[in-house]
Amino acid sequence: MDAADALKLFELDNNVVPLSASDEKVYCYDGQLQSDQLDQRPWRADPRYYRKVEISSIALVKMVMHARSGGDIEVMGLMLGKVVGQTMVVLDAFALPVEGTETRVNAHHESYEYMVQYLEQCQAAGRQEPVIGWYHSHPGYGCWLSGIDVETQMLNQKFQEPFLAVVIDPKRTMSAGKVDLGAFRSFPEGHIAAKSQDTDSDGFQSVPLNKIEDFGVHADKYYPLDVGYFKSSLDQRLMERLWRKHWVSTLSQSPLITNGEFTTLKMLELAEKINIFSKDAKKNVSAGQIIRESDAIAEEVSQGYASNMIKKRLFGGT
């Protein structure tokens, strides 16, 4: 399998939809049209007005590569794009030089200077798309918004609407072979909503025990958007160059070795959840959640083993 084949497989696994020539007008930014849409402020009448986000393949790969580069540390960046009706469209993304820890990212003065300079250079080059949201990574603990994330998103939506939050889990992306990404918007302060992210629903979330409380407390303060990916003929050449870098990095790693510690931690977490469920079935852990997590771990290990076997057959080695 060469880089071109791997790119095709990546696009198939993540359902990246190619645009037709007529649909590629999504890349044409009309400032007046955007202004007319935003002047109506439809999100005030309907807090769930934006229902879907479409992300370009270029922005997707940039965010995944940045998230992976952070390892166990959270990283952060911004997204450029526009809105089309009730859909938020992400056309590009760029990383921010922020200070990160295992639980949060903090943007400082240098980061804001970098952001301003980057946007000024984009405008000088003819790029008119504004910042439409921010992204950050959750290495190993799923795609959802913590209490700090919710506060950040509510603040952004208060002053920069429309604004989107995207979360990427690079470790689960590596384990599953498919991008683990979630897109969210917060509800306005005081809005009452039913908890829509039940851990045993179709929107299954495998959350570590030490973060379940944070997940549960804030889960009714925001809602997820449907996520889709697209590419155009304009993307192709740049995508191929970006992909070569991503492919070499992926090819040189074994998911079983790279994520060995992460998989072990997930097994320990699962054992602890089984222990908690056997003692008290009413505590934040359900049988359905345990079954889904065990199935997910088995599938990821199986995929990692298959990936290793393919590489051995192609390139030899033991």
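Taken together, the values in this text are just the output of simple stated rules run on the coordinates, not laboratory data. Since the structure is predicted, the reported quantities are computational estimates derived from the model, not experimental observations. Please note: Cβ atoms are built from the backbone with ideal geometry, for glycine as well, and neighbour counts cover all protein chains shown.
Worth a mention:
- Listed peptides 62-69, 147-154 by packing density, highest first (mean Cβ within 10 Å): 62-69, 147-154
- Residues whose placed amide H lies under 5 Å from that of residue 92, excluding near-sequence neighbours: 80
- Gain on full stretching of the segment that runs from residue 226 to residue 38 - 0.36 nm per residue minus C-alpha separation: 65.6 nm
- Protection proxy ranking, peptides 48-54, 72-78, average beta carbon neighbours within 10 Å, highest first: 72-78, 48-54
- Peptides ranked, highest mean first, by Cβ atoms within 10 Å: ranges 31-37, 90-96, 179-185, 132-138: 132-138, 179-185, 90-96, 31-37
- With the convex hull drawn around the C-alpha atoms of the range 1-96, the volume per residue stands at 146 Å³.
- Exceeding the 26 Å Cα-Cα cut-off - candidates 178/231; 25/62; 62/171; 25/158: 25/158
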